[in-house]
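Have a look at the structure below before the remarks.
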2 protein chains.
Amino acid sequence: MPEYAFDLDTSVTPSDGGGLWRGHVTDRWDIGDVPNGGYVLAIALAAVRGAVRQPHPLTVTAHYLGPCRHGDVDVVVDVLKQGRSLSTATARLVQENMTRLALLATFGDLASQRGPTLVTARPPELPPPDACGDPGERPVGMGFAVRPPIVDRVEFRPSPATAARLAQRNDTARLEGWIRLADGRPLDVDCLPLLVDATPPAVFGALQTGWVPTLELTVHVRGQPTGSAWLKVASSTSALIDGLLEEQVELWDEAGNLVAMSRQLARLLPPA
Amino acid sequence: MPEYAFDLDTSVTPSDGGGLWRGHVTDRWDIGDVPNGGYVLAIALAAVRGAVRQPHPLTVTAHYLGPCRHGDVDVVVDVLKQGRSLSTATARLVQENMTRLALLATFGDLASQRGPTLVTARPPELPPPDACGDPGERPVGMGFAVRPPIVDRVEFRPSPATAARLAQRNDTARLEGWIRLADGRPLDVDCLPLLVDATPPAVFGALQTGWVPTLELTVHVRGQPTGSAWLKVASSTSALIDGLLEEQVELWDEAGNLVAMSRQLARLLPPA
């Protein structure tokens, strides 16, 4: 039985034999009054994982057509290819006959990949989690009249440099820190697509602005995380053009392994 | 009437009123004997563009389930949301009842975007095209017994530093140069998803290896290119892990505007 909020709130059950699954969108992962995009993506991925042979979403892209509501949700899964090493599927989150999220994913097994390794990307250099952030003034809450529920589910501890940047907004759209599920849920591949989308937007380091709704999010799962529940996270935006921006996120485990890379296209809303 | 190879070879016609389009995969964009992934993506996008209201694929992701063959191809388009400012659709390239490519795209109009601009990414510094590369020894031909047809369609002129790197393979997976459609076709948004996938793999700068088939390619179109037919291209790979790699590509026009960003997940094949 699932014991942690993430597992409880992303569980799905097959509703027929033909690719229809049922889930439930809770209000525990909201930002403002909208469920976090990484959270609803995790619901859809739970259904795809139930429909394909392989355990890991090597690459998944979600497009956000409209905000999900709290309550029941249908997940319509269509497996396009069920292969020996790779399977590809689409899925849609549907509420009130409207598609809220559409995804395209290719699943594989990270443990069976073979080939050379050459990593020039480097994890951020951070003091330990206890020397980062301050639970009383977590920046993800900035600008909201009410503390967003997601900050009780996902703990983000900015590095001292990032905390200073978030206070000053100094034209550098880069954030670094530690992140974990707040109830201490052990790490696995399943929670990575949520965690890449659960830090404050990197553009908050550069500009005073409103929220930054995601149009599209692509996640590459690059490794199975080991170590404690903490991951290092680094996010950055290099091009905000006419209100549209890309954001790149990397997640690293405590052993120094890159476990996920993401890139999203998002729209910047004016300050409230 | 289309005059250029790109327009001729990516044209599609509606086959019914219900989302089915017909196209033709030519042998003029092959690498080895497989049509280039950016080329077949352009065929699928031509059909989606015909089905939605907006002109520009702000973000598109393609998953490559199997190589396309030369000949007729069905494009099955499903518009998930037809909105005032944004529309989202899926499309599949189908040959012999098998899905060869599946995509998920959100279209919009770049000219109608409004909001702030802050770009910290920078175009590569390059000598002019005439001082780059050498048509006689274009590196995309390396490792192939027969000159790949695509090098007659897409001209890539590596910078002197990149040409040296490709000759030495020095552990730095970064390539820079100029790129254009070889017949001088004027630039527009339509050809950008092809051009991000038409340079040699960046990993060729680092390792002696075989070809690098794409599993997934995501393209963000960030601007409408201006200037001559030439674009600056910079590609890099920061994490090759167990034979799977990400590759990032940026395209810049001669005015210094970022016009496209892409990231792909690909598999590295051993040297032939």
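Let me make sure I get this right: for segment B:59-192, a, b and c are the square roots of the gyration tensor eigenvalues over alpha carbons, sorted descending. Under 1.5 in a/c it's rounded, otherwise prolate if a/b > b/c, else oblate. Which is it? Walk me through the intermediate numbers first.
Values: a/c = 2.32, a/b = 1.34, b/c = 1.74.
Here segment B:59-192 falls in the oblate category.
Based solely on C-alpha atoms, express the radius of gyration and the Dmax of chain A in angstrom.
Cα radius of gyration and Dmax of chain A are 17.9, 54 Å respectively.
For a Förster distance of 25 Å, can you work out the FRET efficiency between the beta-carbons of A:Thr120 and B:Ala255, rounded to the nearest 0.05? Kindly include the intermediate steps, with their values, before the conclusion.
Numbers: r = 31 Å, r/R0 = 1.22.
For A:Thr120 and B:Ala255, the calculated efficiency is 0.25.
Could you bin all the Cα-Cα distances of the protein assembly as shown into 10 Å bins starting at 0 and give me the percent of pairs in each, rounded to whole numbers?
4, 19, 31, 28, 15, 4, 0
Using a 1.4 angstrom probe with every protein chain in place, what is the largest-first accessible-area order of B:Glu246, A:Glu96?
Values: B:Glu246 0, A:Glu96 120 Å².
I get A:Glu96, B:Glu246, largest accessible area first.
Any chance you could look up the accessible area of A:Thr117 with a 1.4 Å probe, heavy atoms only, rounded to 10 Å²?
My reading of the accessible area for A:Thr117 is about 80 Å².
Sequence gap at least 6, Cα distance under 8 Å: using those rules, report the relative contact order of segment B:48-112 to the nearest whole percent.
On the way: 138 pairs, mean separation 27.5, N = 65.
It comes to 42 percent, rounded to a whole number.
Contact order normalised by length for segment A:140-216, with contacts defined as Cα pairs under 8 Å and 6 or more residues apart; what percent is it? Walk me through the numbers on the way to the answer.
Details: 77 pairs, mean separation 28.4, N = 77.
Relative contact order here is 37 percent.
Could you tell me the relative contact order of segment A:76-198? Use alpha-carbon pairs under 8 Å, at least six residues apart, and round to a whole percent.
On the way: 121 pairs, mean separation 19.3, N = 123.
Across segment A:76-198, relative contact order equals 16 percent.
Students sometimes get this wrong: rank B:Trp230, A:Trp29 by accessible area, probe 1.4 Å, all chains present, largest first.
Working: B:Trp230 25, A:Trp29 0 Å².
Listed by decreasing accessible area, they come as B:Trp230, A:Trp29.
Tally Lys/Arg at +1 and Asp/Glu at -1 over every other residue whose Cβ is under 9 Å from the Cβ of B:Ala266; what's the total?
On the way: positive: B:Arg267; negative: B:Glu216, B:Glu246, B:Glu247.
The answer is -2.
If you take the beta carbon distance between B:Tyr4 and A:Gln224 as r and set R0 to 51 Å, what does 1/(1 + (r/R0)^6) give as a FRET efficiency, to the nearest 0.05?
On the way: r = 47 Å, r/R0 = 0.92.
About 0.60, to the nearest 0.05.
Hey, for B:Pro270 with labels 7 Å out along Cα-Cβ, what do the inter-copy distances come to in nm, ordered shortest first?
Output for B:Pro270: 6.1 nm, nearest copy listed first.
If you put a point 7 Å past Cα along the Cβ direction, how far is that point for A:Gln208 from the same point in each other copy, in nm, smallest first?
5.9
How much area per residue is accessible in chain A when the probe is 1.4 Å and only protein heavy atoms are counted (Å²)?
Working: 10490 Å² over 272 residues.
Result: 39 Å² per residue.
When the solvent-accessible surface of protein heavy atoms is calculated with a 1.4 angstrom probe, in what order do B:Arg53, A:Arg100, A:Arg180 fall, highest first? Mind dumping the intermediate values first?
Working: B:Arg53 160, A:Arg100 15, A:Arg180 60 Å².
The most accessible residue leads, giving B:Arg53, A:Arg180, A:Arg100.
Looking at the square roots a ≥ b ≥ c of the eigenvalues of the Cα gyration tensor of segment A:36-132, which shape do they give, rounded for a/c under 1.5, prolate if a/b is larger than b/c, or oblate? List each step's numbers first, then the result.
Values: a/c = 2.74, a/b = 1.26, b/c = 2.17.
Oblate is the answer for segment A:36-132, as a/c is 1.5 or above yet b/c matches or exceeds a/b.
Inter-copy label distances at B:Pro127, 7 Å along the Cα→beta-carbon direction, one decimal in nm, shortest first?
5.0
The values are calculated or read from the model by the stated rules, or taken from the named source; none is laboratory data. Bear in mind the structure is a predicted one, so any value in this text is a computation, not a measurement. Don't worry about glycine lacking a Cβ; one is built from the backbone with ideal geometry, like all the others, and counts go over all protein chains shown. Keep in mind that these areas ignore ligands, DNA and RNA; they rest on the heavy atoms of the full protein, side chains included. Shrake-Rupley method; radii C 1.70, N 1.55, O 1.52, S 1.80 Å.
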